[in-house]
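Q: First the structure, then my questions, so here it is.
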Amino acid sequence: MLFNSYEFLFVFLPIVLLGYYVLVPKRARLGFITLMSYLFYGWWDWRFCSLMLISTVIDYQSGKRIHASSDPRVRKRWLLLSIVSNVSLLGFFKYFDLTADTANQLLAWFGVGAEPLIPLLNVVLPVGISFYTFQSMSYSLDIYMGAAKPARSPVQFACYVALFPQLIAGPIVRYRDLADQLVYRTHTWAKCSLGIQFFVAGLAKKVILADGAAFLVGDAFEVAAPGLFSAWIGTLAYTMQIYFDFSGYSDMAVGLGLMLGFRLPQNFNSPYKALSITDFWRRWHITLSSWLRDYLYIPLGGNRLGATRTYVNLLITMLLGGLWHGAHWNFVIWGGFHGALLAIERMWGKRGLLTRAPQLIQQSATFLLVMVGWVFFRAESLGQAGAVFRGMLGFNGVDAVIHERMATDPLPYILLGISLVGAFCFRNTWEIRWRPNLIWFVTLGSLFVLSVFVILVNTASPFLYFQF
């Protein structure tokens, strides 16, 4: 079920709010949210609810046993069970076919067997598995490190794992950040109105700006040899699409959480205003960045083992962060690209290489590097990425398709321009402080009606991060 669908907006969400505030007793609210979260997830394919339930049961028991034991060996065994079970689920459903295909290619390259020796299973990727396995596993890790205490009941932990606002695409929430809220939450009109603001803003970002820019992405990534203008416009459109799509989902998740009394963490902080790649990763997908830092980079040694080891740790962290996004080597290259840039900036003292240049130059250079990275991220193969880069350098010629399309359908280009202005010049959703009044009501009401109209015309489209 999509947040930007009629089923969610006019059936599921009203039922949840009506049940939560009117029909269900206060003591049963957590169980109600958990049940509705499983219904939300099972709407796509009910069979995969069992995978989330397996992670929930194993991690709940692991956390309980880790906290109860003072024997380091016992604690490590239960922690290992949590890590292995989650990584195994994620590894099989997300990476089996990639691993098998890569192994078959290597065996063929060495002349071992004329036919593929490892069959591809064409495993279906359960939506959201990357997010809820990381979130569930962090519970056991935090208890092991003494950063969290066990949930008071299985229902509390099940609600934490399955909480539908952020279940599919984050933000990735630590249990310690929600523990108290699972026991007691405040419900005020101020919090609810703020939630409405976040939700409507996120919906508009998704269906108007992100989906509007999506019409131009194919000019760069769906042709064999994109020309100069098509390559740049298409890459720029994807750069805007992925930001407004993902940050739009995060805003909607935060808004839904507020409507139910939960405060979820910020996931984006105007990332394209960053002055360096280091700054970019403080602003982009903040909850994933902090997860990788706390559970991968620091355990690897962080910056405590000398300069060379620090650079290696950064590279390993970003390579695995790239692989987390999908079973495709292009994601690994994207992660390695960012890891290398982070290492170079670390050599420079955690600053961009143009740190002495005017702020506009720093921001422009960082944005250009991020765009280059998005080519690897979006392309379906290295060959396609190479074709886009050749187009951006002018090696595929200068095309006239942009001029023709602007004359016949200028709206996508107008929306792309609005996206650029919004990303660079306006405050992000977390920085806006509107008070509920007539202007607030008319503005949000108009945005909501316009978004619903766009959904009616274009039909609901999945969020990009659903595939990760």
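The values are calculated or read from the model by the stated rules, or taken from the named source; none is laboratory data. Bear in mind that the values here come from a model prediction, so they are computed numbers and not experimental data. Cβ sites come from the backbone with ideal geometry, for glycine too, and all protein chains shown count toward neighbours.
Q: Name the single residue that is modelled with the lowest pLDDT among those in region 171-225 being acidic (Asp, Glu) and buried (at least 20 other Cβ atoms within 10 Å of the Cβ).
A: Only one residue fits best here, namely ASP219.
Q: Of all residues in region 114-157, which are touching a residue at least 24 places away in the same chain (Cβ under 8 Å), exposed (fewer than 15 other Cβ atoms within 10 Å of the Cβ), over 26 Å from the mean Cα position of the chain (by Cα) and under 16 Å from ARG75 (Cβ atoms)?
A: Listed by number, the list holds a single entry, LYS149.
Q: Hey, among LEU456, LEU415, which residue is out of contact with any Pro (no Cβ under 7 Å at 6 or more places or on another chain) and surrounded by fewer than 14 Cβ atoms within 10 Å (Cβ to Cβ)?
A: After ruling out the rest, the residue left standing is LEU456.
Q: Ok, one more. Here is a list: SER70, SER88, SER130. Which entry is touching a helix residue (DSSP H, G or I) at 6+ places or on another chain (Cβ under 7 Å) and of a type outside the set (Val, Ile, Thr)?
A: When all the criteria are applied, what remains is SER130.
Q: Kindly provide the set of residues from region 435-444 that are surrounded by 12 or more Cβ atoms within 10 Å (Cβ to Cβ) and either closer than 26 Å to SER5 by Cβ or of a type in the set (Asp, Glu) (or both), ordered by number.
A: Once the filter is applied, which keeps residues that are surrounded by 12 or more Cβ atoms within 10 Å (Cβ to Cβ) and either closer than 26 Å to SER5 by Cβ or of a type in the set (Asp, Glu) (or both), region 435-444 yields TRP440, PHE441, THR443, LEU444.
For every residue, the table says whether it meets (1) touching a residue at least 60 places away in the same chain (Cβ under 8 Å); (2) loosely packed, with under 14 Cβ neighbours inside 10 Å; (3) assigned by TED's automatic domain parsing to the domain that holds SER461.
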| position | (1), (2), (3) |
| --- | --- |
| MET1 | no, no, no |
| GLU7 | no, yes, no |
| VAL11 | no, yes, no |
| TYR21 | yes, no, no |
| VAL24 | no, no, no |
| ASP45 | yes, yes, no |
| LEU51 | yes, no, no |
| SER62 | yes, no, no |
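Q: Hey, another quick one. Scan region 151-170 and give yes if some residue there is touching an Asp or Glu at 6+ places or on another chain (Cβ under 8 Å) and modelled with pLDDT of 90 or more, otherwise no.
A: Scanning region 151-170 turns up at least one residue that is touching an Asp or Glu at 6+ places or on another chain (Cβ under 8 Å) and modelled with pLDDT of 90 or more.
Q: A further question on this structure: Cβ contacts < 6 Å: first residue polar (S, T, N, Q), restricted to region 161-177; second residue in a helix (DSSP H, G or I), any location; separation 6+ or different chain. Result?
A: GLN166/ALA253
Q: Now, a different point. Working only within region 235-282, note down all residues that are of a type in the set (Asp, Glu) and surrounded by fewer than 22 Cβ atoms within 10 Å (Cβ to Cβ).
A: Within region 235-282, ASP279 is the sole residue that qualifies.
Q: Return the residue satisfying two criteria in turn: it lies in region 396-452 and is among the polar types (S, T, N, Q) and either outside any helix (DSSP H, G or I) or modelled with pLDDT under 90 (or both), and of such residues it is farthest from GLY227 (Cα to Cα).
A: Once the filter is applied, the top-ranked residue is ASN437.
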